[in-house]
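Asks: Pasting a structure here, questions to come.
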Amino acid sequence: VSKRLTPVNKIDQSEPYRFLLSTVHGIQDNYNQQNAISLKEILSVEHGQLIRSAQFNYMFDIEFLLEQYPLEFRLKPLLIVHGDSRHDNQSIKNQCSPYPQIEICPARLDIPFGTHHTKMMFLLYETGLRIVIHTANLILQDWRQKTQGIWISPICPKTNDDRESKTNFKKDLLEYIERYRARQLQFWQKTINEHDFSSINVHLISSTPGRHTGPDLNKFGHLKLRQTLKNYLNLDKDEQYNSSPIIGQFSSIGSLGPNANSWLTKEFLTSLKQLSSSSLESPELKLIYPTVENVRTSLEGYMAGGSLPYNMQNAMRQTWLVNYLHRWKADHRHRSQASPHIKTYLRATNDQFKDILWFLVTSANLSKAAWGVLEKNNTQLMIRSYEIGVLYTPKQFSKATFSLPDSPSFPIPYDLPPVKYQTSDKPWIVDVAYKDKPDSHGNMWDPS
Ligand SMILES: O=C(O)c1ccc(Nc2c(-c3ccccc3O)nc3cnccn23)cc1C(=O)O
């Protein structure tokens, strides 16, 4: 085997998509070599001399987080951006108080039941600024034996002129940060402005709490996705794709209403199915969410279900949803037993799933809180939570579609086509006891 002259790190090897999964403790190592990375490797000194960083997330274990930074970077300034929920705030303050280098920034949650779900890192090096958008909480359990998704930007060099990406990523990211209205983020707004984003080839799809209307109507949530697909998926003769299947894959499900037409197909699917031209056909929507058996036989066993908080109250009101559900299966990535905490959405060109029209990795689960619900005769979109994700469209990679037999093919995290729930399959519900079969650790699940 020819020896590489310049050691290429995992991040550069993931070009051009820069989409990686988290490494999994307990599977063959070669399945952790290709397109998989740990938090320690993301923060490694091999990427340059870190000046300071910011970590946006929902759950934090500050001791664990600091341990993932190289020793020489642990005293660098670190901004923690978290959800300003009463109980959480206290634990964050207590965890951070021993560390003068850590500043905290509570994200305003003015609409009830909203959460600060966004998982993002700003890493400022002497050579430039790196953005990481991902799906893992900053706790050991989220990085150990789950399937998590991670997009890692190039290190964007400092520049004197504006230098925007072809996808308007810089403008969209600044719009997102502006919504926090937090003085602790002013340094990062200035820093983002001063860096050259021209090498970024993904679109930003984010959500911020609010009732977005008028010029803001298509800036966030599923209407931003609809607008972006309309503007950037200029496929020739796209009517051939009108019935091509759409997949949603997630780790929790909100209250979606008494039937599919309440929000899922009428509103959400209408955004997902957007092509350059609108069409009336209703493509097939396939949803991937773990079964009880997926959880029971996972590496973590029933404990994995603690991070799949789909509750009985919602599940019992929407039994119609089960007909859309498919199992978690990722044999080709050796992750069928690495419980999914990643959230992804994609559209294939046909039901052979050999070609993909677009791919989104995001923090957003299947819920109105995350994606928004139209109000006031479709003139405003009400969103409760902060979410963030990146969308891949073929044009940005000079392709008509992402053809999976291609090399390098787009690193899809699960097996296609998805496998439908069989009659014996049940969706995992977090607040139900499972005591008839022990899990992979010999334990039962009794939440009471
Ligand atoms: O990503 C995800 O799937 C996810 C889903 C929910 C979530 N928060 C949360 C939880 C909860 C979280 C973790 C374990 C158990 C839980 O019950 N319960 C509620 C109730 N109402 C609003 C939000 N809630 C956080 C995340 C996340 O990991 O960021």
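The values are calculated or read from the model by the stated rules, or taken from the named source; none is laboratory data. Note that the structure is a prediction, hence the values are computed from the model and not measured. Every residue, glycine among them, receives a Cβ derived from its backbone with ideal geometry; neighbour counts consider all protein chains shown. Note: accessible area is taken over every heavy atom of the protein model, side chains too, but ligands, DNA and RNA are not part of it. Shrake-Rupley method; radii C 1.70, N 1.55, O 1.52, S 1.80 Å.
Asks: Please report, largest first and rounded to whole Å, the three semi-axes of the ellipsoid equivalent to segment 3-63, where each semi-axis is the square root of five times an eigenvalue of the C-alpha gyration tensor.
Replies: Over the Cα atoms of segment 3-63, the semi-axes work out to 22, 18, 11 Å.
Asks: Kirkwood hydrodynamic radius (Cα pairs, Å) of segment 219-359?
Replies: Taking every pair of different Cα atoms in segment 219-359, averaging 1/r and inverting gives 16.3 Å.
Asks: Mean separation of Cα pairs under 8 Å and 6+ residues apart, divided by the residue count of segment 309-448: what relative contact order is that in percent?
Replies: So the answer I get is 28 percent.
Asks: Take the Cα pairs of segment 344-407, get the Kirkwood Rh, then feed it into Stokes-Einstein at 25 °C and 0.890 mPa s and tell me D in µm²/s. Walk me through the intermediate numbers first.
Replies: Details: Rh = 13.7 Å.
This corresponds to a translational diffusion coefficient of 179 µm²/s.
Asks: For S44, what residues show an amide H to amide H distance below 5 Å, using hydrogens built from the backbone and excluding near sequence neighbours?
Replies: Excluding prolines and chain starts, which carry no amide H, there are no hits.
Asks: With θ set to phi - 60°, apply the Karplus curve 6.51 cos²θ - 1.76 cosθ + 1.60 along segment 368-383 and write out the HN-Hα couplings as whole Hz, x wherever there is a Gly or Pro.
Replies: 5, 4, 7, 9, x, 10, 6, 9, 6, 6, 6, 9, 9, 10, 9, 10
Asks: For A36, list long-range residues whose amide hydrogen, built 1.01 Å from N in the peptide plane, is under 5 Å from its own amide hydrogen.
Replies: So A36 has HN proximity to L21.
Asks: Report the label-to-label distance for Q34 and S409 in nanometres (one decimal), using points 7 Å from each Cα along the Cα→Cβ vector.
Replies: Between Q34 and S409, the label points sit 1.0 nm apart.
Asks: Which of rounded, prolate or oblate describes segment 184-239 when judged by the alpha-carbon gyration tensor and an a/c cut-off of 1.5?
Replies: Values: a/c = 3.47, a/b = 1.36, b/c = 2.54.
Because a/c hits 1.5 or more and a/b fails to exceed b/c, segment 184-239 counts as oblate.
Asks: Between the DSSP loop rule and a limit of at most 16 other Cβ atoms within 10 Å, which trypsin sites (Lys or Arg not before Pro) in segment 383-446 are left?
Replies: Hits after loop and neighbour filter: K399, K435.
Asks: Which ³J(HN,Hα) values in Hz, rounded to whole numbers, follow from the phi angles of segment 68-85 under the Karplus curve 6.51 cos²θ - 1.76 cosθ + 1.60, where θ = phi - 60° and Gly and Pro get x?
Replies: 7, 7, x, 3, 6, 10, 6, 9, 6, x, 9, 9, 9, 10, 9, x, 7, 9
Asks: With every protein chain kept in place and ligands, DNA and RNA left out, what is the accessible area per residue of the chain? Probe 1.4 Å, answer in Å².
Replies: Spelled out: the 1.4 Å probe surface of the chain, per residue, equals 42 Å².
Asks: How do the peptides 436-445, 261-270 rank, highest first, by the average count of neighbouring beta carbon atoms within 10 Å per residue?
Replies: Values: 436-445: 13.3, 261-270: 18.5.
Packing order, densest peptide first, comes out as 261-270, 436-445.
Asks: What is segment 42-85 by shape, rounded, prolate or oblate, if you read a ≥ b ≥ c off the alpha carbon gyration tensor as root eigenvalues and call it rounded for a/c under 1.5, prolate for a/b larger than b/c, and oblate otherwise?
Replies: Prolate, since a/c reaches 1.5 and a/b exceeds b/c.
Asks: Next question, about the same structure. Search the structure for amide H atoms under 5 Å from the amide H of S403, placed 1.01 Å from N in the peptide plane, and list their residues when 5 or more places away or on another chain.
Replies: Under 5 Å from the amide H of S403 lie the amide H atoms of I356, each far enough along the sequence or on another chain.
Asks: What distance in nm lies between label points placed 7 Å from Cα along the C-beta direction at T159 and S85?
Replies: If labels sit at T159 and S85, their model points lie 3.9 nm apart.
Asks: Got a number for carbon plus sulfur as a percent of segment 307-448's accessible area, 1.4 Å probe?
Replies: Details: 2970 of 6010 Å².
Summing carbon and sulfur atoms, their accessible area is 49 percent of the total for segment 307-448.
Asks: Grab every C-alpha pair in segment 26-105, bin the distances at 10 angstrom width from 0 up to the longest one, and report whole percents.
Replies: 16, 44, 27, 13, 0
Asks: Where does segment 65-146 land on Rg/Rh, using Cα atoms and the Kirkwood Rh?
Replies: We get a ratio of 0.97 for segment 65-146.
Asks: Under the Karplus relation 6.51 cos²θ - 1.76 cosθ + 1.60, θ = phi - 60°, what is the ordered set of whole-Hz ³J(HN,Hα) values for segment 397-406, x standing for Gly and Pro?
Replies: 10, 6, 10, 7, 9, 8, 8, 5, x, 4
Asks: Right, another one. Express the carbon and sulfur contribution to the solvent-accessible surface of segment 110-180 as a percent, rounded to the nearest whole number, probe 1.4 angstrom.
Replies: Values: 1270 of 2550 Å².
For segment 110-180, the apolar C and S fraction of the accessible surface comes to 50 percent.
Asks: Also, quick follow-up: For Cα pairs less than 8 Å apart in space and 6+ apart in sequence, what is the mean separation divided by the residue count of the chain, i.e. the relative contact order in percent? Numbers along the way, then the final one.
Replies: On the way: 961 pairs, mean separation 77.4, N = 448.
Computed over the chain, the figure is 17 percent.
Asks: Please report the net charge: other residues with Cβ closer than 12 Å to the Cβ of E300, K and R +1, D and E -1.
Replies: +1
Asks: Compute the separation of the alpha-carbon centres of segment 310-382 and segment 165-216 and state it in Å as a whole number.
Replies: Segment 310-382 and segment 165-216 have Cα centres spaced 24 Å from each other.
Asks: How do F73, F113 stack up against each other in accessible area, from largest to smallest, with a 1.4 angstrom probe? Before the final figure, lay out the partial values.
Replies: On the way: F73 5, F113 180 Å².
Reading off the accessible areas and sorting them downward yields F113, F73.
Asks: Additional query: Just add up the charged neighbours of P413: K/R +1, D/E -1, any other residue whose Cβ is under 11 Å from the Cβ of P413.
Replies: With Lys, Arg at +1 and Asp, Glu at -1, the net is +3.
Asks: Report the Stokes-Einstein translational diffusion coefficient (µm² s⁻¹, integer) for the chain, Rh taken as the Kirkwood radius over Cα pairs, at 4 °C with viscosity 1.567 mPa s.
Replies: For the chosen part, D equals 58 µm²/s.
Asks: Relative contact order for segment 25-134 using alpha-carbon pairs under 8 Å, separation at least 6, rounded to a whole percent?
Replies: Relative contact order comes out at 31 percent.
Asks: Name the shape class, rounded, prolate or oblate, that the alpha-carbon gyration tensor gives for segment 354-448, where a ≥ b ≥ c are the square roots of its eigenvalues, rounded holds for a/c under 1.5, and otherwise prolate holds if a/b is larger than b/c and oblate otherwise.
Replies: Note, shape of segment 354-448 comes out oblate.
Asks: Right, another one. For K399 and K437 in the same chain, what is the full-extension length gain: residue separation times 0.36 nm, less their Cα-Cα distance, in nm?
Replies: Numbers: separation 38, 0.36 × 38 = 13.68 nm, distance 4.79 nm.
Difference between extended and current length: 8.9 nm.
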